[in-house]
Amino acid sequence: MVNFRRIDLNLLATLDVLLTELNVTRAAQRLNLSQPSVSVQLARLREIFADPLLLPGPRGMQPTARADELREPLRRALDALESAVSSGSAFDPARADLTWKIAATDYTESAVVLPALNSLRAAAPGTRLALFELNPAQILRQAEQGDVDLIFHTREGSPPALHQRLLFTERYVLAGRLNHPALKRRPTLAQFCKLEHVIVSPEGGGFSAITDEVLAKSGLSRRVVLSVPHFLFMLEALATSDLVAVLPERLVKKAGALQVVDPPVPLPGFDMLMLWHERLHRDPAHQWLRQHLIDCL
């Protein structure tokens with residue numbers, strides 16, 4: 001039997017990261033340790049549990065059956081321990097010294113983070129904010145592993161295992177440069193389809209979006225001539241050309257260089273959510289951040 005009193009808790013924290021990453025180098029990076037140090041700790045863990053725990057495999061390290069048994073109970077135990085030793089005192093943003101990690105698209109950076117940035121710096125000057133590009137396929141894993149603290153994502157595709165809060169419901173508008181001859185008033189559907197459109201394709205290379213799906217139901221199509229991965233380039237392209245775009249209204253509310261009208265076809269909007277993991281649900285600092293962002297909206 002393993003003598004629990006002889007186990008260094010730091011070794012268990014290392015084992016938790018190793019079982020997540022299945023790679024000594026990546027585990028060392030997450031732990032801010034050298035690779036040799038993590039290798040030494042892994043050797044000690046193997047001795048304690050009398051098991052190899054991780055074996056070389058064709059795609060990194062493979063957990064043994066004993067390691068698989070340890071994975072979930074160990075994660076729950078470390079979460080409980082972290083919660084037990086965390087300070088129960090009220091959070092004071094003026095004295096806080098921490099880093100918040102947020103996953104967002106360039107749209108939510110502009111629509112959610114930017115409106116809160118100045119007040120966040122004023123209220124919590126000792127904190128830092130790290131923005132990460134949203135990777136929808138990795139949302140749950142990143143939240144579980146603590147790689148991100150807060151995520152902005154549409155309701156569609158949001159993992160049900162995460163806590164969520166509705167921030168706002170967005171609508172689409174049609175935008176182009178100031179004095180665009182086709183946008184002096186709301187164009188007809190026929191005029192709309194003849195215009196040259198630009199769309200954002202986060203994965204790159206896509207030339208179809210929700211607008212095209214709606215048009216297709218009526219046997220119509222539009223001319224999409226430019227596909228870009230980010231909204232920033234789209235806004236510059238709109239301001240300096242005769243291209244037009246259907247885009248979220250919050251993105252262009254303060255864009256003085258653009259003309260904005262309602263599209264001639266009814267388009268469904270979307271709900272923007274704020275997501276976070278259970279491990280941070282009751283954390284006073286995280287609760288303050290969530291409420292601050294909501295207040296700024």
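The values are calculated or read from the model by the stated rules, or taken from the named source; none is laboratory data. Everything quoted here is computed from the prediction, not taken from an experiment. Cβ: placed from backbone, ideal geometry, glycine included. Neighbour counts: every protein chain shown. Ligands, DNA and RNA are excluded from the accessible area calculation, which covers all protein heavy atoms including side chains. Shrake-Rupley method; radii C 1.70, N 1.55, O 1.52, S 1.80 Å.
Take the Cα of GLU47, step 7 Å toward its Cβ, do the same at THR188, and the gap between the two points is 8.4 nm. Distance from the alpha carbon centroid of the stretch 178-203 to that of the stretch 56-77 works out to 54 angstrom. Between ALA137 and ILE210, the modelled labels are 2.3 nm apart [label points 7 Å from Cα along Cα→Cβ].
Are there any trypsin sites (Lys or Arg not before Pro) in the stretch 222-261 that are in a DSSP loop and have at most 15 other Cβ atoms within 10 Å? List them by number. When the trypsin sites (Lys or Arg not before Pro) of the stretch 222-261 are filtered for loop state and at most 15 Cβ neighbours within 10 Å, LYS253, LYS254 remain. Distances between placed amide hydrogens fall under 5 Å for LEU167 paired with MET272, LEU273, MET274, all partners being 5 or more residues away or on another chain.
Calculated from the alpha-carbon coordinates, the stretch 144-297 shows an Rg and a Dmax of 18.1, 54 Å respectively. Translational diffusion of the stretch 6-147, estimated by Stokes-Einstein from the Kirkwood radius over alpha carbon pairs at 10 °C in a medium of 1.306 mPa s, is 89 µm² per second. Restricting the stretch 176-244 to GluC sites (Glu not before Pro) that sit in a DSSP loop and have at most 12 other Cβ atoms within 10 Å of their own Cβ leaves GLU203.
Angle of helix 284-296 to the longest C-alpha principal axis of the chain, folded into 0 to 90 degrees and rounded to 10: 0°. Accessible surface for the chain, divided over its residues, is 56 Å² per residue with a 1.4 Å probe.
Hey, got a sec? Which trypsin sites (Lys or Arg not before Pro) in the stretch 35-105 land in a DSSP loop and have at most 16 other Cβ atoms within 10 Å?
Values: sites: ARG44, ARG46, ARG59, ARG66, ARG71, ARG75, ARG76, ARG95, LYS101; in loops: ARG59.
Loop-located and lightly packed - ARG59.
You can think of it this way: the chain between ALA123 and LEU178 has 16.1 nm of extra reach, that is 0.36 nm per residue less the Cα-Cα gap. Here the chain exposes an accessible surface that is 52 percent carbon and sulfur, computed with a 1.4 Å probe and the other protein chains kept in place.
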